[in-house]
1. List the aspartates and glutamates whose Cα sits under 14 Å from the Cα of residue 38, skipping any in the same chain fewer than 8 residues away.
2. To make sure I understand, if each residue's beta carbon is the centre and we count other beta carbons within 10 Å, what order do 72, 237, 12, 271 fall in, fewest to most?
3. In square nanometres and to one decimal, what's the mean projected area of the convex hull around the Cα atoms of the range 69-298?
4. About its Cα centre, what dipole magnitude does the chain give when the only charges are +1 on Lys and Arg Cβ and -1 on Asp and Glu Cβ, stated in debye to the nearest 20?
5. What's the Kirkwood radius of the range 293-358 in Å, using all Cα pairs?
6. Give me the three principal axis extents of the range 1-97 from the C-alpha atoms, as integers in angstrom, largest value leading.
Amino acid sequence: MVDSIIELENTHIVQSYKRAPFVLTHGEGMTLYDDTGKAYEDWVAGIAVNALGYADPGLTAAIQSAASGLIHTSNLYYTAPQAELAALLCEKSFADRAFFTNSGTEANEGAIKFARKAASDSGVEGKTEIVHFSHAFHGRTMGSLALTPKEKYQKAFQPLMPGGVLAEFNDIAAAQAAISDKTAAVFVEPIQGEGGIYAATPEFLTALRQLCDQHNALLVFDEIQCGIGRTGNLWAHSISGVTPDIMTIAKPMAGGLPIGAILTTEAVASHIHPGDHGTTFGGNPFVTGVAKYVIERISQPSFLANVNETGEYLRERLSEINSPLIKEVRGRGLMVGLELTVDVSPIIDAGYEHGLLMVSAGTNIIRFVPPLIATKANVDTLIDRLTTILAEQS
């Protein structure tokens, strides 16, 4: 079966992904299985998406309940699940209003439009610039791609959206030089994911808030990967004490179903009127019904406490591995980067043989973003297998 499925994929799907050489069929908890029955402990979680793991009874029941109601109606009509999810997200965050999308990159595209509209309404001519930072990843669609400063992603798709201004991440002086009265918004990840698991310092975020206020620009936090419990807090930015004007979220929001959201203040939302933005599928009653269950579950203090405890244990155990290949361990909660002195691709490939799924964040960083239900026992299994792999690669 595996050969036929891979052949079908290679023949009929656009070849924009480099896939592992097996076919996954089902999972339970932290474990995925391929069509030969081989088990893999999952430290990828669909790239920080499958927060509740696999075959979770509560999530399954929420999906079944939502599926018994409306699947789609379009945003021409009111539905209870969408309104209730919006209210829940506003209750759990700084926000006054929400706009639902189908993905993280769509949320960032919408946030760009929201910022440009607010800037346009300000009456300041030329207030269109979007400041973003080195190592950032905000998406691959044409607006978000302009804010993702990696040549590999950008070069073939020039010209990109104009108005992007690049500054050095965590460099206050660079931010001061980049942000001006022409700035419509500043986009930043409180913890960079794809860029290498680099956390913004509280001082840097505080400076961005002050600069945005000074220049009447919007501060946008991209928490698509680092938000919704991933760092052990519901929102990654909360420990900084800094409040954004807009926050974009997505990945784990509905336990694997596609959804994203733009969370915003009333001051920003007041600039958006019927026809300014829209989506066919975003916020449909099926997915928002499931997302409400996931947000309620993850936001429980006991759930977040487990993320913190397991994440701390993960960092401790990674630091204990005696390997000359290890350069640094960093991160918060269950968003951890292991920086090595070598290309991590062979190590990730070797993981498949040892029943371990891992993912990179750049050339020499392994990114650990497992289901948020991970336990210390799961960490011990990871460390045993990873220690063996690193010894083989040394």
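Taken together, the values in this text are just the output of simple stated rules run on the coordinates, not laboratory data. On a predicted model such as this, the values are computed, not experimentally measured, just so you know. Cβ coordinates were reconstructed from backbone atoms using ideal geometry, including for glycine residues, and neighbour counts include every protein chain displayed.
1. List returned: 28, 353.
2. Details: 72 11, 237 26, 12 7, 271 17.
With the fewest neighbours first, 72, 237, 12, 271 line up as 12, 72, 271, 237.
3. Numbers: hull surface 48.0 nm².
In nm², the orientation-averaged hull projection of the range 69-298 is 12.0.
4. Working: 27 positive and 43 negative charges, 96 e Å.
With only Lys, Arg, Asp and Glu charged at Cβ, the dipole is about 460 debye.
5. Working: mean 1/r = 0.0729 Å⁻¹.
Every distinct Cα pair counted, the radius reaches 13.7 Å.
6. That gives 48, 29, 29 Å along the principal axes, largest extent first.
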